[in-house]
Amino acid sequence: MTVSNRQLILIKEAAELLVMEHRLTAEDAVIVISSAIKKELSIRNTNFEKLEKGSKIDRTSFTRAVVKSVQDALEANPYWRSHNLDKSIDNFYKVLHKHWD
């Protein structure tokens, strides 16, 4: 998977948010986000370039699926869980979603 500068910025911002609001290291955050992205791209049999050229509905659906995968990963690890998980996931979604507009 090749990553554009815009995608790298998106992952970096999202990772910083997870590091601030949870007990993830920067490396853990990037791994969790990258794994969720790769998984969803594979499921949809697509890539970022196709998503960027596709409809806003497709991009929103993709973003929601990635956020859900990240949320599941956070919930599965008791060390990463926080009391503000819902708010944190909402903020995480907003960070990812704003890059598609």
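For the reader, a short list of remarks on this structure follows.
- Mean accessible surface per residue for the chain, computed with a 1.4 Å probe while every protein chain stays in place, in Å²: 60 Å²
- Within the accessible area of the chain (1.4 Å probe), percent carbon and sulfur: 54 percent
The values are calculated or read from the model by the stated rules, or taken from the named source; none is laboratory data. Remember, it's a predicted structure, so these values are computed and weren't measured experimentally. For accessibility, only protein heavy atoms count, side chains too; no ligands or nucleic acids. Shrake-Rupley method; radii C 1.70, N 1.55, O 1.52, S 1.80 Å.
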